[in-house]
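*Asks:* One structure is given below, represented as structure tokens, and several questions about it will come after.
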There are 2 protein chains.
Amino acid sequence: MSQLLLLGSRVAVGCCRLTRRNLLPTRDSKRFELVVATSTKCNANFEGKQRGFHGHGGAAGEDSSDPGKWGTSSGLLMVGAAAVIGGIGLSALVNSSKCAEKKQAAQSAGKVIKGLPEYNHDDVEKHNSPETGIWMTYKNGVYDVTSFVAHHPGGDKIMLAGGGSLEPFWALYAVHQSDETLALLETLRIGNYKDDERIQKKDVNDPFASEPHRHPALTVNSKKPFNAEPPPELLIDSFITPNELFFVRNHLPVPVFDKKNFKLNVEVPGKKTIKLSVDELKKYKEHTITGTMQCAGNRRSQMSNYKTVKGLSWKFGAISTAEWTGVMLRDVLLKAGLTEEDEAKFAYVQFEGLDKDPNGGSYGSSIPLSVAMNPYRDVLLAYKMNGQDIPADHGHPLRVIIPGNIGARSVKWLSKVIVSDKESPSHWQQKDYKSFNPSVEFGQLNYDTAPPVQEYPVQSAICYPKEGSSVDVDEEKVTVKGYAWSGGGRGILRVDVSVDGGQKWHVAELKDAGQKIQRVWAWTQWEAEIPIPKDHKGKLDIYCKAIDSSHNVQPDTMKGIWNVRGLMNTAWHRVNVKVVE
Amino acid sequence: MSQLLLLGSRVAVGCCRLTRRNLLPTRDSKRFELVVATSTKCNANFEGKQRGFHGHGGAAGEDSSDPGKWGTSSGLLMVGAAAVIGGIGLSALVNSSKCAEKKQAAQSAGKVIKGLPEYNHDDVEKHNSPETGIWMTYKNGVYDVTSFVAHHPGGDKIMLAGGGSLEPFWALYAVHQSDETLALLETLRIGNYKDDERIQKKDVNDPFASEPHRHPALTVNSKKPFNAEPPPELLIDSFITPNELFFVRNHLPVPVFDKKNFKLNVEVPGKKTIKLSVDELKKYKEHTITGTMQCAGNRRSQMSNYKTVKGLSWKFGAISTAEWTGVMLRDVLLKAGLTEEDEAKFAYVQFEGLDKDPNGGSYGSSIPLSVAMNPYRDVLLAYKMNGQDIPADHGHPLRVIIPGNIGARSVKWLSKVIVSDKESPSHWQQKDYKSFNPSVEFGQLNYDTAPPVQEYPVQSAICYPKEGSSVDVDEEKVTVKGYAWSGGGRGILRVDVSVDGGQKWHVAELKDAGQKIQRVWAWTQWEAEIPIPKDHKGKLDIYCKAIDSSHNVQPDTMKGIWNVRGLMNTAWHRVNVKVVE
């Protein structure tokens, strides 16, 4: 009982605000005295479980209400956690000096502590299960949270950070950003983290040997090239997807190149090519948009359930939202000398990335030049993603952002912008990302007859409850949450939810970013409380469908949209839950 | 046998080119000699039935092949008609002077002939059946075609002009525009036509007493206000819909106003209102677009078949296409002093028509100002429709054209353009043209919760074969034709047709206007040859569905889109035919 634990929590958002006196503990000193703060600044508010729109629907408030032991090494910390979980109203006096101590502890969280062992990404990554121990990083700190996870007020979502960093989760659940939580975290400190940025080159013949680290919460669909999606239930927990959890769709190895001398080439026929470093680009007027990106193959696995398709088996997490900051492509093209006459003459603008296929060909795409030049389309040359330099997996240092289009057109590691009378010659513009009639089989694909997919149609999916989960019949209602999005700046007008196969539809409550009319580049998140049909027991199908501002709707089934490449699966989304007594 | 009949026809397009020697016949002199021309200029080409993309699928080529009598008054004319119908190759010599005579006859067609009786619109309108006699007008001529209609090589479509003018049909079937046809027509001349433009005011208390004449081919859904659609099978016979056959959707009486002193008011807050006559407007740069207009209620009657809805019972002809000529609203707003700051401040531009409700309120609408100002959206203040002054029913002298939006936003008889921070206060912006969830009934409509419909979603319909028609099993294939359109400039990417309920889909051949990328304001017409399922007899359902350039698709059924106002019925379109032996 060497330390005093300050406990302050709003259980509603699944967070425990726990602090301790010992600001810089060693791994072996994790026994604390428990005090529940009642002072204004360090108080504990037990308000019971609330349904916050973005609260994560974990086990908060439903565990044991008796304080007890929290593992062997954490001592009284578990008392605090259990108290939080149980939502018991306790109070004790804490003086202001304790608050100050707590603050100091919080400020030290994640900083290098001399004398602690040093671990790198690989060391941490291995510790992702109860068997290996569950480690996490926070800035420069490495933490062993093995004994805490079972008591995490936010439920088992904490496990998704096992072997990886806490930061993206704390970005999702901002309530963690408190002195109490940071101070509690620091009690679990076991070492310092040395971020070596890229995995060491182990095999010079492996073009994927220098890939960046990825967060273990991502569900990997393909390692080489790397393709991974966040668990869909995380997507709805914040409007912006943290960079580390943003789905990754790479077609080729992440390129290794000379960053210092990087220049973007901008070519307009008949004009001198201009070459711009990122710093030079930053002299143009800066714009920030909130934009959702979705892979054309999102929900492909469900299309395959209907009839097998070819492609990466994405669930429904190949969609994410970020704030993109950069300059308007339009401004740069005008600077490069593009005239109205050029616009009439050249229909396309092509993009080339630095990522290369084995033959030296670049990943590439093209869009109509009129889209690039339309000031209402907000096509950006972006260098920031959620306020940070765009990470390696998302196109560092430059990515062209085509808001409202499929992700494949927003070329990462952008190195060339070429105005042309032709579409990009890239494989991914010419021979992929094209959709065919439901009766065309793989051997029959004539890519020349199908135009490249650009804007995405209207889409929605149910992220909560999870497929196969149980719903208590006594609740009488089931809370359903998800996302909806439409391409081309068409916002979502309505989301309807049905639990009787589409006979009766319930209107969901919407949350969007309040974007400009017809420039709604970001998704809409939604939530609905649906009455469980009277006397219903057992299997219950929950359907959702969205309607966009142009009144386009999702099709009922896959009958009319199935295509052998499994693109644009926008059929009504269904999850199946079990109503239990 | 006082006259020589020159016969020249391409049966494929259902036209007979018949001329006669007597250039200005009286009603009683309709007996001709028959000669089939073989000279280059006045030749007859019997090429048998062809499947022209726009050929009308009438009875051409399937009637009697024996020359015989064509009614009592037409004499040998019927021989020519029957010969054309039968597709028999005949030839005879005609000298060039006869060609010249024919030309002269053709030039006189439709001109006033002194001494003939004069008929007005009401006189002609009454003659629309075999019982009353079938009269038609062509320019200033009135013709009695009663005995000809049964022998019309183009089938019974000629009956649609009964009691009305031929011009819109000859605009559809341009092959009629030949000297032979005109000369033949003139043989049926019975009088001169006096177009009194508007129906005479019979009842000063009837606000509809001064409505313009309408073509009898239109199917009338409501007389006051006038709402009518062309038979859908006519829509696909030409890419452009003739003005007289363009669907009419009036919400109020066609206004009567002082045309000489007409001025358009353009109001930008804080700026001096500018007032422009049509002649002053014409000083701005002129633009022409080919644009399809569709009523939000098109296909409502089919939605009502699923479950009753409220509104005018449109079939699937409440859609038409015209060339609209005018000036860019953007240019006029800039001239009126609109700045970038105004654009950031005012979200909408409102439109007011001259048509008034009983309380003196105008018909009105509004669109986002960003749509009006976006140079890629082509919003026009139009004064011409298919090269003519906009007709009274379509908004003479000015109509704002919002390409890609529902027709209701393109205000007719446009008198005011008002930049505002609010939507139009008009009933039709606030309390109509809004869509609700399928489970909302009429008494539950909360108009404040639904935004006004603007862009139309992806749509398609089968115009040929007609519902209930028969298909010969020996043909092995059924020719299916229709239209497809999507709002917002999104062109049609593909149309699929199925005769097995959507298990197998056939790709249709498309015809569009070759418009600019993402500025596809006009529809796509399509045609497909679908094999009749083996051994199929009896009822056969034919379905179509379109996919637009944003990969939006039509929903399978009405289950998810039904709404009590019957708007935006875009479910797969179905016609039922009978396969007969």
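The values are calculated or read from the model by the stated rules, or taken from the named source; none is laboratory data. No experiment lies behind these values; they were computed from the predicted model shown. FYI the Cβ positions are ideal-geometry reconstructions off the backbone, even for glycines, and counts take in every protein chain you see. For accessibility, only protein heavy atoms count, side chains too; no ligands or nucleic acids. Shrake-Rupley method; radii C 1.70, N 1.55, O 1.52, S 1.80 Å.
*Asks:* Just checking, does the range A:297-317 include any residue being closer than 30 Å to A:GLU233 by Cα, in a strand (DSSP E or B) and touching a residue at least 12 places away in the same chain (Cβ under 8 Å)?
*Replies:* Scanning the range A:297-317 turns up no residue that is closer than 30 Å to A:GLU233 by Cα, in a strand (DSSP E or B) and touching a residue at least 12 places away in the same chain (Cβ under 8 Å).
*Asks:* For the range A:346-357, name all the residues that are within 14 Å of another protein chain (Cβ to nearest Cβ) and open to solvent by less than 10 Å² (accessible area, probe 1.4 Å).
*Replies:* Passing the criteria: only A:VAL349.
*Asks:* Is there a residue in the range B:566-573 that is surrounded by fewer than 21 Cβ atoms within 10 Å (Cβ to Cβ) and at pLDDT 95 or above?
*Replies:* No, every residue in the range B:566-573 fails to be surrounded by fewer than 21 Cβ atoms within 10 Å (Cβ to Cβ) and at pLDDT 95 or above.
*Asks:* Of all residues in the range A:326-348, which are of a type outside the set (Val, Ile, Thr) and part of a helix (DSSP H, G or I)?
*Replies:* Answer for the range A:326-348, where residues must be of a type outside the set (Val, Ile, Thr) and part of a helix (DSSP H, G or I): A:LEU329, A:ARG330, A:ASP331, A:LEU333, A:LEU334, A:LYS335, A:GLU340, A:GLU341, A:ASP342, A:GLU343, A:ALA344, A:LYS345.
*Asks:* Got at least one residue in the range A:95-114 being under 28 Å from A:SER320 (Cα atoms), open to solvent by 20 Å² or more (accessible area, probe 1.4 Å), at pLDDT 90 or above and of a type outside the set (A, V, I, L, M, F, W, C)?
*Replies:* Checked the range A:95-114: no residue is under 28 Å from A:SER320 (Cα atoms), open to solvent by 20 Å² or more (accessible area, probe 1.4 Å), at pLDDT 90 or above and of a type outside the set (A, V, I, L, M, F, W, C).
*Asks:* For the range B:273-296, name all the residues that are acidic (Asp, Glu) and in a helix (DSSP H, G or I).
*Replies:* B:ASP279, B:GLU280
*Asks:* Spot the failing condition for A:GLY566; the list is (1) over 23 Å from A:ALA318 (Cα atoms); (2) away from chain B (no Cβ under 12 Å); (3) assigned to a loop (DSSP other than H, G, I, E, B), and only one is missed.
*Replies:* In the conditions (1) over 23 Å from A:ALA318 (Cα atoms); (2) away from chain B (no Cβ under 12 Å); (3) assigned to a loop (DSSP other than H, G, I, E, B), A:GLY566 misses (1) alone.
*Asks:* Which of (1) in a strand (DSSP E or B); (2) surrounded by 19 or more Cβ atoms within 10 Å (Cβ to Cβ) is the odd one out, the single condition A:SER550 does not satisfy?
*Replies:* (1)
*Asks:* Taking the conditions exactly as written (open to solvent by 10 Å² or more (accessible area, probe 1.4 Å), touching a Phe, Trp or Tyr at 6+ places or on another chain (Cβ under 7 Å) and within 30 Å of A:LYS504 (Cα to Cα)), does B:LYS307 satisfy them or not?
*Replies:* yes
*Asks:* Against the conditions (1) within 23 Å of the chain's Cα centre (by Cα); (2) part of a strand (DSSP E or B), where does B:HIS396 fall short? Just the number, please.
*Replies:* Just one mismatch for B:HIS396, condition (2).
*Asks:* Right, next: Residue by residue through the range B:498-517, note down the ones that are more than 22 Å from the chain's Cα centre (by Cα), buried (at least 18 other Cβ atoms within 10 Å of the Cβ) and either away from chain A (no Cβ under 11 Å) or in a strand (DSSP E or B) (or both).
*Replies:* Hits for the range B:498-517 are B:SER498, B:VAL499.
*Asks:* Could you identify the single residue in A:VAL520, A:VAL495 that is within 14 Å of chain B (Cβ to nearest Cβ), within 26 Å of B:VAL440 (Cβ to Cβ) and not in a loop (DSSP other than H, G, I, E, B)?
*Replies:* Going through A:VAL520, A:VAL495 in turn, just one is within 14 Å of chain B (Cβ to nearest Cβ), within 26 Å of B:VAL440 (Cβ to Cβ) and not in a loop (DSSP other than H, G, I, E, B): A:VAL495.
*Asks:* Still on this structure, I have one more. From the set of residues in the range B:523-556 that are out of contact with any strand residue (DSSP E or B) (no Cβ under 7 Å at 6 or more places or on another chain) and closer than 25 Å to B:PRO465 by Cβ, which is nearest to the other protein chains (Cβ to nearest Cβ)?
*Replies:* B:ASP556
*Asks:* With the requirement that a residue be open to solvent by less than 30 Å² (accessible area, probe 1.4 Å) and either over 19 Å from A:MET558 (Cβ atoms) or polar (S, T, N, Q) (or both), what does the range A:440-468 give you?
*Replies:* A:PRO452, A:GLN454, A:GLU455, A:GLN459, A:SER460, A:CYS463, A:PRO465
*Asks:* Let me ask something additional. Within the range B:419-441, is even one residue in contact with a Ser or Thr (Cβ under 9 Å, 6 or more places away or on another chain), within 13 Å of chain A (Cβ to nearest Cβ), at positive phi and in contact (Cβ under 8 Å) with a residue 12 or more places away in the chain?
*Replies:* yes
For every residue, the table says whether it meets (1) more than 30 Å from B:TYR456 (Cα to Cα); (2) of a type outside the set (A, V, I, L, M, F, W, C).
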| residue | (1), (2) |
| --- | --- |
| A:GLU441 | yes, yes |
| A:GLN444 | yes, yes |
| A:VAL453 | no, no |
| A:GLY488 | no, yes |
| A:VAL507 | no, no |
| A:LEU510 | no, no |
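*Asks:* In the list B:SER277, B:SER320, which residue meets the criterion of being hydroxyl-bearing (Ser, Thr, Tyr) and either buried (at least 22 other Cβ atoms within 10 Å of the Cβ) or farther than 25 Å from B:LYS384 by Cα (or both)?
*Replies:* The conditions single out B:SER320.
*Asks:* Tell me whether the range B:355-378 contains one or more residues that are assigned to a helix (DSSP H, G or I) and without any contact (Cβ under 8 Å) to a residue 24 or more places away in the chain.
*Replies:* No, the range B:355-378 contains no residue that is assigned to a helix (DSSP H, G or I) and without any contact (Cβ under 8 Å) to a residue 24 or more places away in the chain.
*Asks:* Residue under question is B:ALA336, and the condition is that it be closer than 17 Å to B:ILE402 by Cβ, crowded, with 17+ Cβ neighbours inside 10 Å and not assigned by TED's automatic domain parsing to the domain that holds B:GLY488; does it hold?
*Replies:* no
*Asks:* Something else about it: Need the failing condition index for B:LYS559 against (1) open to solvent by 30 Å² or more (accessible area, probe 1.4 Å); (2) assigned to a loop (DSSP other than H, G, I, E, B); (3) more than 7 Å from every other protein chain (Cβ to nearest Cβ); (4) more than 18 Å from B:GLY404 (Cβ to Cβ), just the number.
*Replies:* Only one criterion is unmet by B:LYS559, namely (3).
*Asks:* Return the pair list, or none, for Cβ contacts closer than 9 Å from residues in the range B:524-535 that are in the same structural domain as B:VAL507 (by TED's automatic domain parsing) to residues that are among the acidic types (Asp, Glu) and outside any strand (DSSP E or B), at least 6 apart or on different chains.
*Replies:* Within 9 Å, the pairs are B:THR524/B:ASP512; B:GLN525/B:ASP512; B:PRO531/B:GLU476; B:ILE532/B:GLU475; B:ILE532/B:GLU476; B:PRO533/B:ASP500.
*Asks:* Can you name the residue in the range B:358-387 that is surrounded by 15 or more Cβ atoms within 10 Å (Cβ to Cβ) and either among the basic types (Lys, Arg) or touching a His at 6+ places or on another chain (Cβ under 8 Å) (or both) and is also farthest from B:LEU281 (Cα to Cα) among such residues?
*Replies:* Ranking the qualifying residues of the range B:358-387, first place goes to B:TYR363.
*Asks:* If you don't mind, another one. Name the one entry in A:SER420, A:SER410 that is at pLDDT 95 or above, farther than 28 Å from A:MET558 by Cβ and either open to solvent by less than 10 Å² (accessible area, probe 1.4 Å) or among the polar types (S, T, N, Q) (or both).
*Replies:* A:SER420
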